[in-house]
Amino acid sequence: MKKTFEEFLMFKHAEQYYGTKDCMVDDCADWIGNLDVEDLLKYGDQFAKEQIKDLLEACKYASGYLEGLLKHENRGKAILDALNQAIAKAEGGE
C-alpha cells in the first residue's frame with residue numbers, strides 16, 4: 001500500500017518510465033510537476049480507490065477477528081457493529 005499520494009504518483013511514474021535508473025528520481029519530480037489538473041484528478045481517484053480497498057480489507061479482517069472473540073465473550077460488540085457498518089457502506093458504494 002502506498003502511504004501518501006506522492007508515493008502513489010512515484011509508483012505511477014515508475015510504471016511508465018523508460019530510461020536509466022540514475023535519471024529516474026529527477027524525471028519523476030519533473031513528471032509530477034508537469035501533470036495537469038485532469039491527470040491529478042484521475043490519479044487522485046485511483047489513489048482514493050486503493051485506499052478504500054485497503055481499508056475495507058483491514059475492516060473485514062478486524063471484524064472476523066472480533067467475531068471469533070465474541071463467540072467466547074460479549075465484549076467489543078460496539079466495535080464489531082461499527083466495523084460491519086463501515087464494511088456495508090463501503091461495499092454498497094455509499
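The values are calculated or read from the model by the stated rules, or taken from the named source; none is laboratory data. Quick caveat, the model's predicted, so the values are computed rather than measured. All Cβ positions, glycine included, derive from the backbone under ideal geometry; neighbour counts span all protein chains shown.
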**OP:** Check every one of the helices (runs of 4 or more DSSP H) wholly within the range 14-94 and list those with 3 or more residues that are not assigned by TED's automatic domain parsing to the domain that holds residue 3.
**Re:** 37-70, 77-92
Original post:
When residue 52 is evaluated against the numbered criteria (1) touching a residue at least 24 places away in the same chain (Cβ under 8 Å); (2) surrounded by 15 or more Cβ atoms within 10 Å (Cβ to Cβ), which criterion, by number, is the only one it fails?
Top reply: (2)
Subject >> Tally, over the range 1-49, of residues that are among the β-branched types (Val, Ile, Thr) and either in contact (Cβ under 8 Å) with a residue 60 or more places away in the chain or surrounded by 13 or more Cβ atoms within 10 Å (Cβ to Cβ) (or both) >> reply: 1
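Could you say which residue among 92, 76 is at pLDDT below 80 and within 22 Å of the chain's Cα centre (by Cα)? Walk me through how you get there before you give the answer.
Working: 76 fails: within 22 Å of the chain's Cα centre (by Cα).
Answer to the check: 92.
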**OP:** Considering only the range 59-68, state which residues are out of contact with any helix residue (DSSP H, G or I) (no Cβ under 7 Å at 6 or more places or on another chain) and surrounded by 13 or more Cβ atoms within 10 Å (Cβ to Cβ).
**Re:** 65
